[in-house]
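The values are calculated or read from the model by the stated rules, or taken from the named source; none is laboratory data. Small disclaimer: the values here were computed from a predicted structure and weren't measured. Here Cβ is always computed from backbone atoms with ideal geometry, including for glycine, and neighbour counts include all displayed protein chains. We work out accessible area using only protein heavy atoms, side chains counted, and drop any ligands, DNA or RNA first. Shrake-Rupley method; radii C 1.70, N 1.55, O 1.52, S 1.80 Å.
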Amino acid sequence: MTTIQFPENFLWGAATAAYQIEGAWNEDGRGESIWDRFSHRPYMVSNGDTGDVACDHYHRMPQDVVLMKQLGLKTYRFSIGWPRVLPQGRGTVNEKGLDFYDRLVDALLAANILPNATLNHWDLPQALQDQGGWPNRDITDWFADYARIVFERLGDRVALWATHNEPHVIAYNGYADGVFPPGIADHSQAFQTVHHLLLAHGKAVQVYRAGGYKGQIGLVHYFGSYVPASDSLEDRAACQRVYEKSSAIFGDPLLLGKYPDMLMEWIGSHAPTIKAGDLAVISQPMDYLGVNYYFTQRISADPHMGLLKAQLEHVAAPHMGYTEMGWGINPAGLTASLLDLKTRYNNPPIYITENGCAIDETPDKDGFVNDWQRVVYLREHIRAAHTAMQAGVDLRGYYVWSLMDNFEWTHGYGPRFGLVHVDYPTSERTPKQSAHWYSKVIDQNGLCD
Ligand code: IFM
């Protein structure tokens, strides 16, 4: 029997996001978000699903915290809905919205669960989109103002903060591919969005420091793993372009104070407008890097494939296969990604802020799901994270995506990522086999097999 033990204070948790679980989309003064507008339009989301009710967490929050406690979570990562706090994105504060997060934080602390709050998990107030959204530089100040309001209310009790979650999704899915709201396909706006998201992050960190709060603040990004399809110069260069556009374009400004030169040259006239002093604001010290990892991609050069002239294909490790999303399962890619971050950015403190899988699962007659594939997925990724720690990566915690099944964006409620099954018609929660297994991992602070 091998035992893999984690450090004593290692944080084990699970994550969710506001729009994906809360529901109550128009209750208690909440404003409209870009995801409300988008999902209410026909054909934008599979099956016509919306986040209107989602997991009804807004009404079931106290019971959900009890569930987290029963699972033994040490920490819970959630996001704050900007339109719930500021219905118009700025200006008048919706006290009832802030009260909800206040109650959530208190309930978590009473249950001895460390709150980890993300300010922006994609649900931008529609009113700000109507004023130009992320390509409008003014939004960097609007975001800092929103951050100030939230810090003033919750900053005394929330230990871990993230400014943004996976900013590439906002920039590229929303403004380059146009498959997420606001549905724009324009590379220049996408790269300007990247820059403004980073600048907004920097301004929010400044606000946090000025407030003298005691917690830690960072940014959560998707740091996947990218491998060239061959050793040819073309494939290696294509892989470098994908890596820089996906990872380094965020990591480098934050942690090295500059954008990756090769990529900036490649995108040419699409490069963002950057004002003097911006990079200093962006690169001021943050306390940790949040790493989301799901898959590894093999990259080959292809002159017909978009801006980067690159073809992307999922890699599955032998006998591991693919998840219901079509994502190849490759735990070694997590180790590789963590080691790359260690080398490139001088070993920053890291939390794995999301890792998990959607699998095809059917509850038995009692509503129980024996999701052994998720157990294998999580076990192998936790093992891969431990391998990285043994090689010196400063890893402080690990969050499963997700605590419960929820609204998976344009895929609607089809894919289920949860440790806890949600029966959507009744909102009933039933912990799956993986939830029971994860409780044991937390309890023994590691893996036994
Ligand atoms: O559901 C998403 C989450 O909102 C952000 N990271 C990836 C998850 C799975 O697609």
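Could you check, for the stretch 85-107, whether at least one of its residues is under 28 Å from LEU289 (Cβ atoms), within 16 Å of the ligand (Cβ to nearest atom) and open to solvent by less than 10 Å² (accessible area, probe 1.4 Å)?
no
For (1) farther than 17 Å from TRP401 by Cβ; (2) of a type in the set (A, V, I, L, M, F, W, C), each residue gets a yes or a no:
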position	(1), (2)
LYS275	yes, no
VAL281	yes, yes
GLN297	yes, no
GLN311	yes, no
TRP327	no, yes
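Let me confirm something: among ASN370, ASN347, which residue is open to solvent by 20 Å² or more (accessible area, probe 1.4 Å), under 21 Å from TRP12 (Cα atoms) and part of a loop (DSSP other than H, G, I, E, B)?
ASN347
Looking only at the stretch 114-152, which residues are surrounded by 21 or more Cβ atoms within 10 Å (Cβ to Cβ) and either β-branched (Val, Ile, Thr) or within 16 Å of the ligand (Cβ to nearest atom) (or both)?
ASN116, ALA117, THR118, LEU119, ASN120, HIS121, TRP122, ASP123, LEU124, ILE139, THR140, VAL150
Would you mind finding the one in ILE299, ILE274 that is at pLDDT 95 or above, under 20 Å from LEU197 (Cβ atoms) and either open to solvent by 30 Å² or more (accessible area, probe 1.4 Å) or touching a Leu at 6+ places or on another chain (Cβ under 7 Å) (or both)?
ILE274 is the lone residue from the list that is at pLDDT 95 or above, under 20 Å from LEU197 (Cβ atoms) and either open to solvent by 30 Å² or more (accessible area, probe 1.4 Å) or touching a Leu at 6+ places or on another chain (Cβ under 7 Å) (or both).
Say we look at the stretch 390-423 and pick out the residues that are within 16 Å of the ligand (Cβ to nearest atom) and among the small types (Gly, Ala, Ser); which of these is surrounded by the fewest Cβ atoms within 10 Å (Cβ to Cβ)?
GLY414
In the stretch 204-227, how many residues are within 16 Å of the ligand (Cβ to nearest atom) and assigned to a loop (DSSP other than H, G, I, E, B)?
2
Being open to solvent by less than 40 Å² (accessible area, probe 1.4 Å), touching a strand residue (DSSP E or B) at 6+ places or on another chain (Cβ under 9 Å) and more than 23 Å from ARG241 (Cβ to Cβ) is the filter here; which residues of the stretch 303-325 pass it?
ALA316, ALA317, GLY321
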